[in-house]
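The values are calculated or read from the model by the stated rules, or taken from the named source; none is laboratory data. Since this is a predicted model, take the numbers as computed values, not measurements. Positions of Cβ are backbone-derived with ideal geometry, glycine not excepted, and every protein chain shown enters the neighbour counts. Areas reflect the complete protein model, heavy atoms only, side chains present, ligands, DNA and RNA absent. Shrake-Rupley method; radii C 1.70, N 1.55, O 1.52, S 1.80 Å.
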2 protein chains.
Amino acid sequence: MSIIPSAASQLYNAADFSQGVAYIAGEYLPLKNASIPMTDRGFVRSDATYDVVHVWNGRFFRLDNYIDRFHRSMAGFRMSIKESKDELKAILHECVRRSGLRNAYVQMTCTRGVPKPGSRDPRECINQLTCFAQPFVWIANEQQREEGLSMIISSTQRIPPESVDPRFKNFHWLDLTMAVFEAYEKGAIVPVLPDRDGHITEGPGFNIFSVRNGRIVTPDRGVFEGMTRRTVIELAPELQIACEVRPLKAAELHDADEIFITSTAGGIMPVTRLDGRQVGDGRPGRIARAIHDLYWRRHEEGWKATEIDYGTAS
Amino acid sequence: MSIIPSAASQLYNAADFSQGVAYIAGEYLPLKNASIPMTDRGFVRSDATYDVVHVWNGRFFRLDNYIDRFHRSMAGFRMSIKESKDELKAILHECVRRSGLRNAYVQMTCTRGVPKPGSRDPRECINQLTCFAQPFVWIANEQQREEGLSMIISSTQRIPPESVDPRFKNFHWLDLTMAVFEAYEKGAIVPVLPDRDGHITEGPGFNIFSVRNGRIVTPDRGVFEGMTRRTVIELAPELQIACEVRPLKAAELHDADEIFITSTAGGIMPVTRLDGRQVGDGRPGRIARAIHDLYWRRHEEGWKATEIDYGTAS
């Protein structure tokens, strides 16, 4: 059986790795030819966890932190993989190396696996690691990043921590996706989701920060603890900016001087409209700009960076 | 590129269809060789809906009802497929026919599709239909169905309707899956999940009914409106059993004379232990048995049945 995929990957080998490279069960193949079994619980029960690290200018950013978090997510959902952390790092490197991409979005995924015939017991599945590297993804395009994003607070609530622990990264995005449709219908670009008590949580693939009187606030609860969020919390003191991690009411967001979002897929991005009204003076804010600039300066300096050896194709 | 999969499916063609047949993009193949693209949002954002109809003794049960519900789920998540209802029915038939299975679990799935490179806009995806037939799946094995299941009320809460509309069938099961782990740890077989207010919702793949003083109650809110649940609600009057569809407190479940669960994957199954204590006299109840028997008698009679023409292999 395995002869056919191998023959296929040889055919593809030289082709089209630049659009993405996937790793599955010891093989590297073009991302567009990569697939997962239809009966893997990772698909049919969204029984999976993942993480995304980015590569900028040929370097991974905070690779060890991302890998540690991926392991915490797996443990949280009671999964484990046979690959060691070093082996995982080598696989991610190899995906990027083969792609040749200098700026990349690199995902590692653990699925529960394919159940034994007739079994519904997740403990009997063998958890599976898959990885891929693809061109860097931006949540917002260049113009949106320059001018600032238009955001709504959605009518859909974020899935609460009592149902799915948001610290463990997961694919349960239907709440986020329905909120995206609502944002588009209201002429905005992105939604942010409240919880049942009217506190702000997060949006599709990003955390949120509110700025008021020079202080920044980001929600403490019901959110994925994003690496860019963490980086902002770490960098703020260098800029003499006070940062609070605490519940954030929707009303506070409406009163903000500035709003910005953070994501591995794009860094720090300003929000200049909320629910149809301008935020502050309607232009990207001074504090968001300062944090944005420091974030990318740290990248240039190689802060918490892991160099990729692109070498020659094997 | 399509030469390879086609060659593969010819190789497999005579082989192993009895363990399941999948349909993808105009092709039928053994289920174990079926896969979905790694970058389909149906996987990486669990951006998908599905439905499951069963075949018993060579007949679909309530096929039109299931297909109508699948269409409502798709509309709910703003998806649509190019296949008409008649074409979908023909595909499901063909999956079962090729499998030769007389008792089958037949799934139809709609995924959002693969995004355009760099795009995060779900509206730009082309929604994809996939289907499969596999041997009938039972939530509980024969001994468990005979003696009754042991259940816990989990500490994990069901994802609330304010986050994901449970009437639209979806793969957001991490709450259910974590509750399954908890059930196993506590020596039980299945969990049922409460909502935030302590009302009972549903369990992994089933609805729940409580029986007290000859009346049956099933939750009205935060649940998927299962076809077997609906069938029980329809059949109860024939047995002169009053049925209430309303909020069900955990305390009521603890005081029940009988408990039973309903699922396409097994019909009506008694629960005889709850949170470590016996339910009623600890044996499958009289009312659950009466409904169980009527449910399967209706199957024998061909009630709401669609005969499958197994004919000869094409």
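Here is a yes/no grid of residues against (1) buried (at least 21 other Cβ atoms within 10 Å of the Cβ); (2) within 14 Å of chain A (Cβ to nearest Cβ); (3) in a helix (DSSP H, G or I); (4) not polar (S, T, N, Q):
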{"residue": "B:ALA22", "(1), (2), (3), (4)": "yes, yes, no, yes"}
{"residue": "B:LEU29", "(1), (2), (3), (4)": "yes, yes, no, yes"}
{"residue": "B:LYS32", "(1), (2), (3), (4)": "no, yes, yes, yes"}
{"residue": "B:TYR50", "(1), (2), (3), (4)": "no, yes, no, yes"}
{"residue": "B:VAL55", "(1), (2), (3), (4)": "yes, no, no, yes"}
{"residue": "B:ASP64", "(1), (2), (3), (4)": "no, no, yes, yes"}
{"residue": "B:ILE67", "(1), (2), (3), (4)": "no, no, yes, yes"}
{"residue": "B:PHE70", "(1), (2), (3), (4)": "yes, no, yes, yes"}
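Cβ-Cβ contacts under 7 Å between residues 6 or more apart (or on different chains), taken from a first residue in the range B:136-163 that is more than 9 Å from chain A (Cβ to nearest Cβ) and at negative phi to a second residue that is among the basic types (Lys, Arg) and crowded, with 18+ Cβ neighbours inside 10 Å, are listed as B:SER150/B:ARG273; B:MET151/B:ARG273. Taking the criterion of being open to solvent by 30 Å² or more (accessible area, probe 1.4 Å) and more than 8 Å from chain A (Cβ to nearest Cβ), the residues of the range B:166-190 that qualify are B:ARG167, B:PHE168, B:LYS169, B:GLU185, B:LYS186, B:GLY187, B:ILE189. Checking each residue in the range A:38-48 for being touching a residue at least 60 places away in the same chain (Cβ under 8 Å) and assigned to a helix (DSSP H, G or I) picks out A:ARG41, A:GLY42, A:PHE43.
Scanning the range A:206-215 for residues that are surrounded by 22 or more Cβ atoms within 10 Å (Cβ to Cβ), out of contact with any helix residue (DSSP H, G or I) (no Cβ under 6 Å at 6 or more places or on another chain) and over 13 Å from A:LYS249 (Cα atoms) yields one hit, A:PHE206. Among the residues of the range B:191-201, those that are of a type outside the set (Lys, Arg) and open to solvent by 10 Å² or more (accessible area, probe 1.4 Å) comprise B:PRO194, B:ASP195, B:ASP197, B:GLY198, B:HIS199.
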